[in-house]
1. Mind scanning LYS110/LYS145; LYS314/LYS380; LYS314/LYS353 and naming the pairs with a C-alpha gap bigger than 25 Å?
2. Quote the FRET efficiency, to the nearest 0.05, computed for LEU252 versus ILE77 with a Förster distance R0 of 30 Å and r equal to the Cβ-Cβ distance.
3. Calculate the spin-label point distance for PHE186 paired with ILE227, positioning each point 7 Å from the Cα along the beta-carbon direction, and give it in nanometres.
4. Note down the nm distance, to one decimal, between modelled labels 7 Å out along Cα→Cβ at LYS497 and at LEU287.
5. Work out how much length ASN489 to ILE98 would gain on full extension: take 0.36 nm times their residue separation and subtract the Cα-Cα distance, in nm to one decimal.
6. Could you order peptides 141-150, 304-313 by the average number of other Cβ atoms within 10 Å of their residues, highest first?
7. Between GLU346 and GLU52, what is 0.36 nm times their sequence separation minus the Cα-Cα distance? Round to one decimal in nm.
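What follows is calculated from the coordinates using simple rules that are stated; it is not laboratory data. For clarity, every value in this text was computed on a predicted model and none was experimentally measured. In this analysis, Cβ positions are derived from the backbone assuming ideal geometry, glycine residues included, and neighbour counts consider all displayed protein chains.
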Amino acid sequence: MPVDCQRSTSGGKGNLNMFIERDPHICAAGLPTAQPDEEVADSLQHYLLKDEVDALLSDTIMPPKKPLPLPPLRHPIPLDMRYAGPFGNVAKILNPPIKTKFQTLVDDLKDTPYASYWKKPLGRSSDPVPMLPEGFDIEGTTFGKKTEFHGRLYDIVMPKEPQSDNTLKSKDPGVQKEYNYCAPPFNRDLTYGHRTFVDKRGTYAKCCVTDDRMILGTSSRTIVNTIQANFQDIYQPRIGVVLSPNQNINNLPEGYSFGKLKPPDNLPECLTFCELNPGRLFFRKCLAHLNSLRKCLSTRFLPTFFREFYLNLKYYDTEKTNWLPKNTVYKLCASRLIRFDSTLIEPLLSMWKAFDGDNIEYKTFVHVINYREPSPDIPKIEDVPSDCLDFRTTYTEMVKPDKEQDKSLMAGLPSGRYFDQDFPITPERCCKAHRSCFPHESDMKACLCPSVFTLLHVNHRDMYGKRDPDVIRHVFEAAGEQFDDDKFNNVWDEAKKYHSQGWVCYETFRKALDNYNNNDGEKK
């Protein structure tokens, strides 16, 4: 047993006071878990050599590698000559640099092969066209074969004596061909096929041949030079595009812009003809002040403060009316360092019926300033006076008690629309399809389950339209009815009674015919 182990009362510190010591020299079996002279600080101060090396490497500052040299520029960067003044390119042109002796000698050698350098005229060389002999007539001599003169181009394009037009008459535009049909049965003014009634205005052909540029708004555009087009794009503003040739907006900090700030226009005032309620802005200001007060109190007092504050106010209510003078409430608030603008809080208390001008209902007041409790219900504040509000529908306009009842035929549900005409008339600048296909009086059932009239594009206006006697007689005889002159005249006279102006349609004639047949059956 080691000597160090024998000095402790038991084998390890973990077994301390766990065994009864019958023998003062008893030790636990196995190796001891802790030596008597070791401390935790000794273990923490010891670390390996690798840790020291890693710590040194992490603290070293490695210099960055030198970047590779940039490739040489093919052309030097041009200087910014916008503010050069007299030291720009004009100065080099007016005062060219002095040539060296070598450059002067080279220029002289380039000019000497043609002629004497000392005899050349001022401003040009003695032999302007190289490789030609001396004394050669440059202006009067031409090379190559001489071409024949065919006349001037202007005389060809605009001749003094224009040539006669030999174009055939049948090749002219809009010419009708002659097929030598028989004259009595053939009429060249007639057209074949069904009439379409597409455009009663008579401008359908004009719409077809109209240039699309007129519709697109590009007819006034002209072809301009590229330099002029670029200049217009930079210095002439476009609709909806900011004119900024120098891109000054890129040099501003984020969120900034040019000009003086202007408050936005009030859109509700533009959309209504009534004056807006000015009290709504004051009401918003009062609510903003109350919110700031509640937020300030939330950082100064705990939630339990408001219960205590309510009891303090209740102490001064000796008559138990739940109301206190406003000066008493304001003084107690000032003693607790609760400061607010009374002119902005009193209107809100009046709205919640907690302020009558001199007294305050302190329970509601404490509830309002308590940030842990929601504010009482806020009544609706109208933007416009009630006199300007007008909610009307077509149905309410129909059933007004002081309005005369309209006995005309209604178009479907009571929506305020009636059959305005008794016969079909195509509106101006419209075609037949506007009143025959999906008219205003159609319903969903007619679209999902079309009848034979709907399939044939026959609507109620066609059935109630004014008709001639010959047309009605032909239609009903084709349907299987048989008339003689007396019977048809009697039914026609009876059908005239159904209309104020004596008009007869298919429906009125059918009713008159049914009454006529029923009367004949009763007589028989």
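1. Numbers: LYS110/LYS145 34 Å; LYS314/LYS380 32 Å; LYS314/LYS353 19 Å.
In this structure, LYS110/LYS145; LYS314/LYS380 exceed 25 Å between Cα atoms.
2. Values: r = 27 Å, r/R0 = 0.90.
So, using R0 = 30 Å, E works out to roughly 0.65.
3. If labels sit at ILE227 and PHE186, their model points lie 6.6 nm apart.
4. 7.1
5. Numbers: separation 391, 0.36 × 391 = 140.76 nm, distance 12.23 nm.
Contour length minus Cα-Cα distance gives 128.5 nm.
6. On the way: 141-150: 5.9, 304-313: 14.3.
Order by mean packing, descending: 304-313, 141-150.
7. On the way: separation 294, 0.36 × 294 = 105.84 nm, distance 7.38 nm.
Between GLU346 and GLU52, full extension yields 98.5 nm more.
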